[in-house]
Amino acid sequence: MKSLDQALEVLLSSVSAAPEKESLPVIDTLGRILSDDVTSPIDVPSYDNSQMDGYAGVAAEINDSRQPMPVSQRIPAGHPGEPLVPGTVARIFTGAPIPAGADTVIMQEAATVDGQGRVTFLQKALAGQNIRPRAGDLRTGQMILSRGRRLSAADIGLAASVGLERLSVFRRLKVAVFSSGDELRQPGEALGFGQLYDSNRRMILALVQGLGCEPMDMGCIPDRFEETRDRLREASAHADALVTCGGVSVGEEDHIKSAIAALGTLDMWKVAIKPGKPFAFGRIGKSMFLGMPGNPVAAWVTFCLMIRPALMAASGATVSRPIVMHLPAAFDWPTPDVRQEYLRGWIDDGGCVRIHDRQNSSVLSSVTECSGLVEIPPSTPVKMGESVRFIPYTHLLH
Ligand code: AMP
Ligand code: MG
């Protein structure tokens, strides 16, 4: 059996090339993968400016002055102002440029204005105070976003803050998603005895979409070798990646593996995680093949732990490990598996981790009623109060 780390190493190293690039308006790049490093073409801010509504002046003059000081000009944000007349201060507002010659801003709450409009300061001035210096945020030429980054709303704001209109991103990965199994019916159809609804395919399509890939709904494949082979071959002509669920365990009705082996190359692994042990990986022509187990929770867990990193790497993204939280357990787990286990759980109001009372891999409601996975290392019992590793879904699927 491969450990999860070994499986990830093979998956990530199998990705050779990133997709082609395209240029998009910055506003359309949310969730897309940046294809080139971005440097700032300007200093931000591009001029020294005031952090306060108040008065700009020369600190030494203000501190030495025994008389109220005259106000020689008024500088609202967006207006350049004039060089400061010596012996005076300038009325200034937040974001307005500091006039040439001034070296400090005193906030208006620390100033009183007399009947002639002259100002007395109630505190000492310090050179540089309340001034946001030019390039205090970003310098011209500084790298601000690196290739492989999945763009967030703040990244979009940052790109706009340096005046960029477009960004170069990788084309969205086309991901064909199949379910498989004669027992599956589609929502809207009536269920016969021995049948269940095809939940996984919708869930996987939604997960794929959430990663910023382009999901292709390829329907449900019946448990027959020829049809399985033909539909996978057809999809491989159009998709960058093929994701199937079900049909990869050892049963006689499991035809996905033999179909991939007939069309391309197949690596069949047992990965030492629970749920999610059976996992198939391979290639048909240029398409990457990822075969997930059919049990809904196993599908969820393998998507979080293996499919997401594989699809993100193939999308050109820099893949980082999910951030793990170390929190006290509010449960006992006395008889752990020899495989690394992923229990569904949540953080309670006291900051402790609780687990769902039904941990069977067919119970999909254990996923929706929880907010993350509790990682139990192989053969490691947990006692109430001990620290456990908790990974929120949001960290696993961003
Ligand atoms: P399999 O790996 O094909 O043997 O499937 C394992 C279990 O997962 C079986 O109980 C299947 O009925 C169930 N299953 C497989 N595919 C799906 C699906 N798309 N939606 C819901 N359950 C599924
Ligand atoms: Mg099946």
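Results, tabulated for the structure shown:
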| quantity | calculated |
| --- | --- |
| Among the residues listed as VAL382, VAL297, VAL338, VAL363, the single one being over 25 Å from SER199 (Cβ atoms) and surrounded by 15 or more Cβ atoms within 10 Å (Cβ to Cβ) | VAL382 |
| Selection from the range 215-245 of residues that are open to solvent by less than 10 Å² (accessible area, probe 1.4 Å), under 29 Å from the mean Cα position of the chain (by Cα) and under 19 Å from PRO296 (Cβ atoms) | VAL243, THR244, CYS245 |
| The range 221-247 residues that are without any contact (Cβ under 8 Å) to a residue 24 or more places away in the chain, paired with ones that are among the hydroxyl-bearing types (Ser, Thr, Tyr) and within 11 Å of ligand 2 (Cβ to nearest atom) (beta carbon under 6 Å, 6 or more apart) | none |
| Inter-residue pairs, beta-carbon under 6 Å, first touching a residue at least 24 places away in the same chain (Cβ under 8 Å) and in the range 178-189, second part of a strand (DSSP E or B) and away from ligand 2 (no atom under 12 Å from the Cβ), 6+ apart | PHE178/MET218 |
| Test: residue in the range 259-267 that is buried (at least 22 other Cβ atoms within 10 Å of the Cβ) and within 16 Å of ligand 2 (Cβ to nearest atom) | yes |
| Where ILE156 falls short, out of the listed (1) in the same structural domain as ALA90 (by TED's automatic domain parsing); (2) within 31 Å of the chain's Cα centre (by Cα) | (1) |
| Per-region count, the range 152-181, residues in a loop (DSSP other than H, G, I, E, B) and β-branched (Val, Ile, Thr) | 1 |
| Qualifying residue in the range 249-257 (condition: away from ligand 1 (no atom under 16 Å from the Cβ) and open to solvent by 10 Å² or more (accessible area, probe 1.4 Å)) | no |
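The values are calculated or read from the model by the stated rules, or taken from the named source; none is laboratory data. Please read these numbers as outputs of a predicted model, since none were measured by experiment. Cβ coordinates were reconstructed from backbone atoms using ideal geometry, including for glycine residues, and neighbour counts include every protein chain displayed. In case anyone asks, the SASA skips ligands and DNA or RNA and just uses the protein heavy atoms, side chains included. Shrake-Rupley method; radii C 1.70, N 1.55, O 1.52, S 1.80 Å.
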